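The values are calculated or read from the model by the stated rules, or taken from the named source; none is laboratory data. Since we're looking at a predicted model, the values are computed, not measured. Here the Cβ positions follow ideal geometry from the backbone for every residue, glycine too, while neighbour counts run over all protein chains shown.
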Amino acid sequence: MRLSPTPARRARLGAAVLALLLLATGCARETMPQDVLSHPQGPIARRLEHLINPVFLIAAFFFVLVQGLVIYAAIRFRRRSDDEAPVQVHGSAKLELTWTVVPAVLLLGVGIFTLANLFFLDQQPKGPDVVQVDVIGHQWWWEFKYPQYKITTANELHIPAGKKVAIKMTSTDVIHSFWPPKLAGKVDVIPGRTNHMVIEADAPGNFFGQCAEFCGLSHANMRLRVIADSQADFDTWVADQTTAAALPVTGDAAAGAALFRSKGCSGCHTVDGYSAGLVGPNLTHFNSRARFAGYIFDNNDEMLRKWLRNPPAMKPMNPNKGLGMPNLHLSEDEITKLIAYLDSLK
């Protein structure tokens, strides 16, 4: 005969499971790429951390205090029999004044520091050293435009370390949220509206981010990377990106360029000097990027082959509704030639 667990045993089991879950939440290492609560890598993120940490500590203190008092009162003054009841006392004016004034003062302080940070974050830096970037959210990838340099790229945002980057952002379809947690907080990217953000990296490095607002089927696959370069490396990157892509004239790359047009790729993707698509990412210097498809796949021939065979199978999309790349039903030979062309776009 199988006995069901007693209420006390179920309670102990539930407490053990909860304790394990709480323990698991602390298992993230300091190297986690999107850990917003430790080691900010820029002045904007550091300012946010200096606001978050004190508020969290104050909230944690009062949470423990209040919950502790509730548990103490529930145990200490529990009714043990029908004849035993705690002595009823009227409210203390001093206590009521204390627990009214203290939270009010704390909230006032938090509000003042929060408003100060909001006004600071709303400032738009100007000057010749400020890099301007336009961020456009799409389902499901990021477009980055540098009006100063006439550069358009996707998913990888290059910035010079130690300099402020003023970002203007909008969306072509639904609400997204631009979030590079090591450098700044979240800002919504809204169609028909322009929002602003400022980021700055202390030193060269790679900083991961993603869309933080649910935006449809492939929301989790809308990622990005901010690459902070030294000034010399950034200048080299700008020079490379402003150089026109060479059109191959022989071999598989040339045949792939012809397929790029005949298969309709040029209707969606821009390659400066060769095609002027307005739907998908700009591919002028595609082979200079580390990843593709919303920054989820490594940019190598193996992954490109899998992608070109059946894009919707690799990344959830709705190509029938105009969202994402459709399956073009390419032959293996056509895929080989298209890969050769994409490899030439450096």
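When restricted to residues that are under 22 Å from residue 281 (Cβ atoms), of a type in the set (Gly, Ala, Ser) and not in a loop (DSSP other than H, G, I, E, B), the stretch 186-226 contains 2. Cβ-Cβ distances below 8 Å connect the following pairs, each with a first residue in the stretch 96-117 that is among the hydroxyl-bearing types (Ser, Thr, Tyr), a second residue that is assigned to a helix (DSSP H, G or I), and a separation of six or more residues or different chains: 114/51. Which of the residues belonging to the stretch 262-278 are out of contact with any strand residue (DSSP E or B) (no Cβ under 7 Å at 6 or more places or on another chain), touching a residue at least 12 places away in the same chain (Cβ under 8 Å) and not aromatic (Phe, Trp, Tyr)? 263, 264, 265, 267, 268, 271, 272, 273, 275 - these are the residues of the stretch 262-278 that are out of contact with any strand residue (DSSP E or B) (no Cβ under 7 Å at 6 or more places or on another chain), touching a residue at least 12 places away in the same chain (Cβ under 8 Å) and not aromatic (Phe, Trp, Tyr).
Identify, please: which residue in the stretch 163-197 is under 19 Å from residue 140 (Cα atoms) and touching a Phe, Trp or Tyr at 6+ places or on another chain (Cβ under 7 Å) and is, among those, surrounded by the fewest Cβ atoms within 10 Å (Cβ to Cβ)? Residue satisfying both the conditions and the ranking: 186. Filtering the stretch 264-278 to residues that are closer than 20 Å to residue 136 by Cβ and either in contact with a Pro (Cβ under 6 Å, 6 or more places away or on another chain) or part of a loop (DSSP other than H, G, I, E, B) (or both) leaves 268, 269, 272, 277, 278.
A residue that is free of Cβ contacts under 8 Å to residues at least 40 places away in the same chain, within 20 Å of the chain's Cα centre (by Cα) and surrounded by 12 or more Cβ atoms within 10 Å (Cβ to Cβ) occurs nowhere in the stretch 147-162. Among the residues of the stretch 230-267, the ones that are in contact with a Lys or Arg (Cβ under 8 Å, 6 or more places away or on another chain) and of a type in the set (Ser, Thr, Tyr) come to 1 in all.
Residue 200 satisfies every condition listed in (1) within 19 Å of residue 291 (Cα to Cα); (2) buried (at least 16 other Cβ atoms within 10 Å of the Cβ); (3) not hydrophobic (A, V, I, L, M, F, W, C) except (1). Among the residues of the stretch 130-183, those identified as part of a strand (DSSP E or B), hydrophobic (A, V, I, L, M, F, W, C), over 16 Å from residue 296 (Cβ atoms) and in contact with a helix residue (DSSP H, G or I) (Cβ under 9 Å, 6 or more places away or on another chain) are 131, 151, 159. For the stretch 297-325, filtering for residues that are closer than 21 Å to residue 172 by Cα, out of contact with any Ser or Thr (no Cβ under 8 Å at 6 or more places or on another chain) and aliphatic (A, V, I, L, M) leaves 2. Exactly one residue out of 79, 29 is modelled with pLDDT under 85, under 30 Å from residue 121 (Cα atoms) and charged (D, E, K, R), and it is 29. Here the stretch 240-263 is the region considered, the condition is being at pLDDT 90 or above and under 26 Å from residue 137 (Cβ atoms), and the residue that is surrounded by the fewest Cβ atoms within 10 Å (Cβ to Cβ) is 240.
Does residue 183 satisfy being under 25 Å from residue 287 (Cβ atoms) and touching a residue at least 24 places away in the same chain (Cβ under 8 Å)? It is false that residue 183 is under 25 Å from residue 287 (Cβ atoms) and touching a residue at least 24 places away in the same chain (Cβ under 8 Å). In the set (1) loosely packed, with under 15 Cβ neighbours inside 10 Å; (2) among the hydroxyl-bearing types (Ser, Thr, Tyr); (3) more than 30 Å from residue 204 (Cα to Cα), residue 236 fails one condition alone, (3).
Residue count for the stretch 313-342 under the criterion of being in a helix (DSSP H, G or I), under 21 Å from residue 282 (Cβ atoms) and under 28 Å from the mean Cα position of the chain (by Cα): the result is 3.
Scanning the stretch 201-229 for residues being touching a Leu at 6+ places or on another chain (Cβ under 9 Å) and either β-branched (Val, Ile, Thr) or over 16 Å from residue 144 (Cα atoms) (or both) gives a total of 6.
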